[in-house]
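Following: one structure in structure tokens, then a few remarks.
The values are calculated or read from the model by the stated rules, or taken from the named source; none is laboratory data. Just so it is clear, the structure is predicted and the values come from calculations on it, not from any experiment. A quick note on method: Cβ atoms are made from the backbone with ideal geometry, for glycine too, and the neighbour counts reach across all protein chains shown. Remember, those area values only see protein heavy atoms, side chains included, never the ligands or the DNA or RNA. Shrake-Rupley method; radii C 1.70, N 1.55, O 1.52, S 1.80 Å.
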Amino acid sequence: MAVLGEIRKKTWLVFVVIGLAMLAFVAGDLFGENSRIKQLFTGDPSVVGKVNGEPIGIAEYQSAYDATQKMYENQGQSATPNQIAQQTWNSLVSQKVLKQHAEKLGLKVADDEFWNYVAQNFGMSSGAEAQQQIAQLEASAATNPEAQQQFRGWLQTSEQIKLQLLSQKYFSYVMAGTAVTNKEADIQQAFNISNANIQYAFVDYASLAKKLNVKVTDDEISAYEAKFPKLFKAEGLVKLSYTYFPAGASAADQAVADANIRKYLSTQIIHDDVNNVTDTIQAFGATKNDSIYVTQNSEKPFISNYFTKSELEQAQLGPEATNFLKTAAIGQVGGPFKIGNTYQLYKLSKAKEVKDSVKSSHILITFQGSNASNPVKRTKEEAKKLAEQILAQVKSNPSSFGELASTKSDDKSSAVKNGSIGWVGKNNQLDQTYNGFIFSKPVGTVDMVESQFGYHIIKVEDAKNKTAYQVANIVKTIEPSKETTEKAFTNARTYVQNVENKSLNDFKNIAKKSGYLNNTTEGIERYASIGQDIPNDQDADILKWAFDKKSEVGATNLFTSTTGDYIVVHLVEKFDKGLANPSVVRQYVEPVLMHEKVAKLVDEQVANGGLNAFVSKYGAKKGNATVNFSNSNLDGVGLEPKVVGAAFGVKVNQSSKAIAGNAGIFYIIPVAQQIEKNQKGTMILENLNRQLQGEFQQTLLQSLIQAADVVDNRGRALR
């Protein structure tokens, strides 16, 4: 009651307290992590980046990250979190850019186009059937958790399919306007047969830079970056120095592992003291059942496949194991061989004859939506009916195959040869369905299969066999001993104590003095790989620590890899978002600016003296060469397009000015020029078009991405 009385007397104070609490609440909202005011300065934390203003949300990014991780797992490949993150980011940016440009052109994926593609690639007879099955899956997802998960997966897949189809349309649309004209082909044909004889003098850049005392300053590098901001824009970088303490097996550990696997070369008597049981293990070479022996004694499962000697040579097992398998007899054991971090024994177990190459013919019936190069208007149902009719004709009259192939097949390249595909080995470029059929069916088989190209009526005409071998393999990993791992930890811990709060020079010198591996990076981004000489599984954690606002320049931290190795990292420097610091890009920009400065100084000092003055002043190496206008090659030097161009642009018997080539500074004097005119390039037109389209496909997407306004906020949004 006394307290309530006091409150009533000081009502104004209650309002002040409430006001302060409200202010604190509002301020927390205004300046908190998700506040609107903070977003004005730092951006929306739910957005990990933008592509030409289009946001990439955290949910979208995480879903794509999970899909990328799943892809690696399905392919049996390992990847670090940073590798997955960077692959995910690159993929999302590429998708956004392609979709934006396709939509600008008004390109869309029609429903029937989408569903026909789904039907073709998921083994359904029509787009209508595909649509019906997905509708059933969606209905089941309302009550069935497993179906719900499948439907979510389908929604992701469907978006990827639509994007793929849209991308194909976009590339086809753009490529349609990419062509070499007849006039350009005529000019290229003239280039191909135009030659020039030249005298040249040459000095490499390093020698000239030293002689002329040419230096490139940070200001000059910054000015160069400012000319090409998109090339040198960085989202924020750090520079690190790291010292590595591997906990891998020592020489003594390897000797133990070697001795252990050698036990399988002779009979072993093993006594179990606990159960008082004595067991006898036969020698690897004496056992009759290799699959059971390998299953019981190897770290890797028995492989029942058969391989030819040539396939075993290509398996990259190491020279010793490969040489053994080349000459080994059935039942012979070789090894142990050291392969990676394992010791292995190999035994040639069994042999049998297998198909090595097959001769076949086919009749292809395509349909609308198949991946054939000559699409037709017939539906998939019509194509199947026609193919079944042709198959029936062939089976009733086998001699009619060639005639039917020449008149009915949609594969025109083989139709002119009565459908013959000819001889192919197992590693060929044929469709997998077709290839699987001809190598699994006996000679004389005639039957129908469906592939991505349509329906094939296939005749297996002949086969050549080779001897193939089953190989039994015992694998034992070379494990580090407890003493080895403890030594690595002790060394790492002692090193950390010695370098804590020390300078970069101390960090490096102490490592060098102790014989530890030490390296220093250039500026690297948040999701980069740090180095090839250390385990990459800690890249994400190391860079997360380095980019953290609480981590100050000069800080040192210890990280442990999944393999038990230790990495001590020193944070050398941090660089803000914007144009990269000159020290980061010096290795790329310095040579460019150095070449420009050297060429300018040489040109000024030689003045009008030409080639002879260049030789006299700088001791340049002289030579003679015949060059062709179209290939830019200078014999004995390499590709020098500027030199070759000058050979046709400078007047005969006159000296050029300084030419800044790839390898150094050149002066040339053309002695003779054979410049062809009035040539016809009809024969090379098709090849030039293929080359141009190939180059275009390789560079188009990268050019679009480079021109895009890409903002990467992952470092701030994903913590």
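Over the range 510-666, Cα pairs under 8 Å with separation of 6+ residues give a relative contact order of 13 percent. Pairs of Cα atoms nearer than 8 Å and 6+ residues apart set the relative contact order; for the range 539-596 it is 24 percent.
The residues SER656, SER396, sorted by heavy-atom accessible surface at 1.4 Å with ligands and nucleic acids left out, run SER396, SER656 from largest to smallest. Converting the Cα gyration tensor eigenvalues of the chain into ellipsoid dimensions via √(5λ) gives semi-axes, longest first, of 50, 46, 39 Å. Dipole magnitude for the chain: computed about the Cα centre from +1 point charges on Lys and Arg Cβ and -1 point charges on Asp and Glu Cβ, it is near 1160 debye.
When you filter the trypsin sites (Lys or Arg not before Pro) in the range 394-491 for DSSP loop state and at most 16 other Cβ atoms inside 10 Å of their Cβ, you are left with LYS417, LYS426. Solvent-accessible surface of protein heavy atoms, probed at 1.4 angstrom with all chains present, puts ASP548, ASP112, ASP576 in the order ASP576, ASP112, ASP548, largest first. Each Lys and Arg adds +1 at its Cβ and each Asp and Glu adds -1 at its Cβ; summed about the Cα centre, the range 543-633 shows a dipole of about 160 debye. Per residue, the chain reaches -15000 deg cm²/dmol at 222 nm when only DSSP H runs of four or more residues are counted, each adding -39500 (n - 2.57). One Cα centroid belongs to the range 133-207, the other to the range 666-689; the line between them spans 31 Å. Dipole orientation for the chain: of the candidates TYR346, LEU98, ASN397, LEU98 has the Cα lying most toward the positive pole (charges on Cβ; Lys, Arg +1; Asp, Glu -1).
Pick out the long, greasy-scoring helices in the chain: whole DSSP H runs spanning 27 Å or more along their own axis by Cα, mean Kyte-Doolittle at least -0.5.
Qualifying helices, which must be both long enough and hydrophobic enough, are 11-31, 582-606, 685-707.
Of PHE629, LEU571, ASN52, which is farthest along the charge dipole of the chain in the positive direction, counting Lys and Arg as +1 and Asp and Glu as -1 at C-beta? Comparing the listed Cα positions along the dipole, PHE629 ranks first.
Is the C-alpha gyration tensor of the range 663-710 telling us rounded, prolate or oblate? Criteria: a/c under 1.5 is rounded; beyond that, a/b larger than b/c is prolate, otherwise oblate. Oblate is the answer for the range 663-710, as a/c is 1.5 or above yet b/c matches or exceeds a/b. For the range 177-303, the relative contact order works out to 9 percent when only alpha carbon pairs closer than 8 Å and six or more residues apart are counted.
The charge dipole of the range 348-398, taken about the Cα centre with unit charges on the Cβ atoms of Lys, Arg (+1) and Asp, Glu (-1), comes to about 80 debye, rounded to the nearest 20. With respect to the cross-link table entries LYS288/LYS338; LYS239/LYS597; LYS70/LYS169; LYS512/LYS600, which display a Cα-Cα separation exceeding 31 Å? The pairs that break the limit, which is 31 Å between Cα atoms, are LYS512/LYS600. Counting only protein chain heavy atoms and rolling a 1.4 Å probe, the accessible areas of MET124, MET683 rank, largest first, as MET683, MET124.
Which order, highest average first, do 84-90, 673-679, 256-262 follow once you tally other Cβ atoms within 10 Å for each residue and take the mean per peptide? Walk me through the numbers before you get to the answer.
On the way: 84-90: 19.4, 673-679: 12.3, 256-262: 15.6.
Ranking the peptides 84-90, 673-679, 256-262 by packing returns 84-90, 256-262, 673-679.
Taking the alpha-carbon centroid of each part, what is the distance from the range 218-279 to the range 578-594 in angstrom? Between the Cα centres of the range 218-279 and the range 578-594 lies a distance of 32 Å.
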